[in-house]
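J.: Got a structure here, written out as structure tokens. Questions coming.
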Amino acid sequence: RSLTAAEKRSLICILLSIALWYFGYNAITSKYAVYAGNILDKDYNTTMLLAQAAAIISYLPAGMVASKIGRKKTIMSGVVMLTAAFAAAAFMRASSPTWLMNIFFALAGVAWATINVNSFPMVVEMCSGADIGKYTGFYYTASMTAQIITPMISGFLMDTMGMTVLFPYAAIFVALAF
């Protein structure tokens, strides 16, 4: 069946949100090593590992939470957590304690799992079985386009406005996804 006008609007909003949170998250994953070396004056390799470990631990609970309160509410809570983690990380400097950045990245990992594990099913739930491939394509077009574009934009902004623009940039894009 064809989507109703309201369903089409909902699909477009979901795909736009997907692109926006990928703009924010992928800016961090693609530029954090440069940022850590230049702004934090520390080797923060473990922070990305902590974010991934926290995400892996959170995938199953994120799905369970969504089955209780709904995918939309679960994703929105993840967006709020991710925005908060990135906004707080923007204030970190070389003199800041390493453990604090580790907490922010662990929170980002939990938030990313909460968002990511629920967003793909939300897109494919809108279609019939025959259209799963097409809707999978919609999801990956939105996410991959953002992942291709955001390193260029965030890198340009870091070069022209200064490295410290990275975390505010990420926080703004994730907040816009809300």
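J.: Using a 1.4 Å probe over the heavy atoms of the protein chains, calculate the carbon and sulfur portion of the accessible area of the chain as a whole percent. Kindly include the intermediate steps, with their values, before the conclusion.
T.: Working: 6200 of 8860 Å².
Taking all protein chains in place, the chain shows 70 percent carbon and sulfur surface.
J.: I would also like to ask the following. How big is the gap, in Å, between the Cα center of the stretch 82-106 and the Cα center of the stretch 125-161?
T.: 26
J.: Which helices count as membrane-span-like in the chain under these terms: full DSSP H, at least 20 Å along the axis by C-alpha, Kyte-Doolittle mean of -1.0 or more? Walk me through the numbers on the way to the answer.
T.: Details: long enough: 5-35 (44 Å, 0.74); 45-69 (35 Å, 1.06); 71-89 (27 Å, 0.92); 98-124 (40 Å, 1.34); 132-161 (42 Å, 0.53).
Both cut-offs are met by 5-35, 45-69, 71-89, 98-124, 132-161.
J.: Please express the shape of the chain as an equivalent ellipsoid: the semi-axes are the square roots of 5 times the eigenvalues of the C-alpha gyration tensor, given largest first in whole angstrom.
T.: Values: eigenvalues 188, 65, 30 Å².
The answer is 31, 18, 12 Å, longest axis first.
J.: Still on this structure, I have one more. Please compute the contact order of the chain in relative form: average sequence separation of alpha-carbon pairs under 8 Å and at least six residues apart, divided by the residue count, as a percent. Could the numbers behind the result be given before it?
T.: Numbers: 231 pairs, mean separation 76.1, N = 178.
Once normalised by length, the contact order is 43 percent.
J.: May I ask for the net charge around P121, where only other residues with Cβ less than 12 Å from the Cβ of P121 are counted and Lys, Arg are +1 while Asp, Glu are -1? Spell out each step's value before the answer.
T.: On the way: positive: R71, K72; negative: E125.
It works out to a net charge of +1.
The values are calculated or read from the model by the stated rules, or taken from the named source; none is laboratory data. Not measured: the values here are computed from a predicted model. With ideal geometry, Cβ positions are generated from the backbone for all residues, glycine too; neighbour counts draw on all protein chains shown. Ligands, DNA and RNA are stripped out before the accessible areas are found, and what is left, the full protein with its side chains, is counted by its heavy atoms. Shrake-Rupley method; radii C 1.70, N 1.55, O 1.52, S 1.80 Å.
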